[in-house]
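The values are calculated or read from the model by the stated rules, or taken from the named source; none is laboratory data. As the structure is a computational prediction, the values presented were derived from the model and not from experiment. Positions of Cβ are generated from backbone atoms using ideal geometry, with glycine treated the same way; all protein chains shown enter the neighbour counts. We work out accessible area using only protein heavy atoms, side chains counted, and drop any ligands, DNA or RNA first. Shrake-Rupley method; radii C 1.70, N 1.55, O 1.52, S 1.80 Å.
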Amino acid sequence: VRVAPAEIPGDGPVKRIFLLTYRDISQARRIDRMRSDFVANASHELRTPLASLRGFIETLQGPARNDLKAQEKFFGIMHEQATRMSRLVDDLLSLSRLELRSHIAPDDPVDLAPLLGHVRDSLLPLAKDLDVTVSLVVPDKPVVVRGERDELIEVFENLIENACKYGQEGKKVDVILHGGEGGEAEVVVKDYGPGIPAEHVPRITERFYRVNVEASRSKKGTGLGLAIAKHILTRHRARLLIHSEVGKGTTFTVRF
Ligand code: ADP
């Protein structure tokens, strides 16, 4: 609320009035706070591997200068940290590109069954490492939606990779495509892992939100995958529904 004293001009006695302007800035404040939280989080995420890299460089220049065995180990860790920073920067760039294009709906015809087959095949090495079986069930008829192939690949890669990584204990992941005439389609990605406690479910699509930060880091996560997926799906006018039961597993459904 702003109060501004004013005078009504003219002959005769001066009349003093007050102008009262009211503007709801809570939304603008919230956006400002989200922006600065995001910058703080991103900086923190980049700072951690950078600090570790600096520490190892100093050790390699000093105490470990002549220790070949230590050098080999440290170079391995430094490579991991640099890779982590690259992943993070790639995800940050993806997010900012998507924000710039959020108002344009992608419109190419995309056949979902072969796309899901391609994603499943690309994740087979990871699934094998984690000892998880990924099954894919698709209908006989093509299920075609309007969208952008590469972006949809990114969404399903993220959902299926998460299901394998976080639902590893369940040993299997089911990917099911349902489709009807007229562009309706639904993709279900279901795991049988530990599930997500209810209080976290509404927040896991927020940038950098993780149920367990250490678990996410050890699984090479950046905390941005689901935020990117949600942005892409919004652009595609599709919805992401999350259902999870602790001890039973988690189901992500993408509804076009
Ligand atoms: P990350 O890079 O950490 O995997 P995401 O945005 O992809 O980031 O996911 C955010 C968080 O949601 C993860 O850190 C994890 O805690 C949780 N999560 C995502 N998918 C699953 C799942 N299938 N089962 C259990 N937890 C999950």
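Structure notes:
- Förster-model FRET efficiency, 22 Å R0, residue 53 and residue 211, C-beta, rounded to 0.05: 0.20
- Evaluated over segment 33-114, the Cα radius of gyration and Dmax, each in Å: 19.6, 60
- Sorting the segments 63-69, 218-224 by their mean number of nearby beta carbons within 10 angstrom, highest to lowest, gives 218-224, 63-69.
- Placing dummy labels 7 Å off each Cα toward the beta-carbon, the span from residue 150 to residue 243 is 3.5 nm.
- Student exercise, segment 1-99 dipole from Lys, Arg, Asp, Glu Cβ charges, in Debye to nearest 20: 220 debye
- Charged-residue dipole, Cβ positions (Lys, Arg, Asp, Glu), the chain about Cα centre, Debye nearest 20: 860 debye
- Surface accessible to a 1.4 Å probe, residue 174 within the full protein complex, Å²: 30 Å²
- Helix-only CD estimate at 222 nm, as mean residue ellipticity for the chain, using -39500 (n - 2.57) per DSSP H run (n ≥ 4): -16500 deg cm²/dmol
- Of 106, 126, 231, farthest towards positive along the dipole that unit charges on Lys, Arg, Asp, Glu beta carbons give the chain: 231
- Charged-residue dipole, Cβ positions (Lys, Arg, Asp, Glu), segment 51-181 about Cα centre, Debye nearest 20: 560 debye
- A Gaussian network model of the chain, with springs between Cα atoms under 10 Å, assigns the largest mean-square fluctuation among 182, 147, 167 to 182.
- Between 26, 147, 12, the Cα set farthest toward the positive side of the dipole of the chain (charges on each charged residue's Cβ, about the Cα centre) is that of 12.
- Each part gets one Cα centre, and for segment 83-161 versus segment 179-247 those centres are 13 Å apart.
- Cα-based shape type of the chain, given that a ≥ b ≥ c are square roots of the gyration tensor eigenvalues and the cut on a/c is 1.5: oblate
- In sequence order, calculated HN-Hα J values of segment 113-118 (Karplus, 6.51, -1.76, 1.60; Hz; x Gly/Pro): 5, x, 4, 5, x, 5
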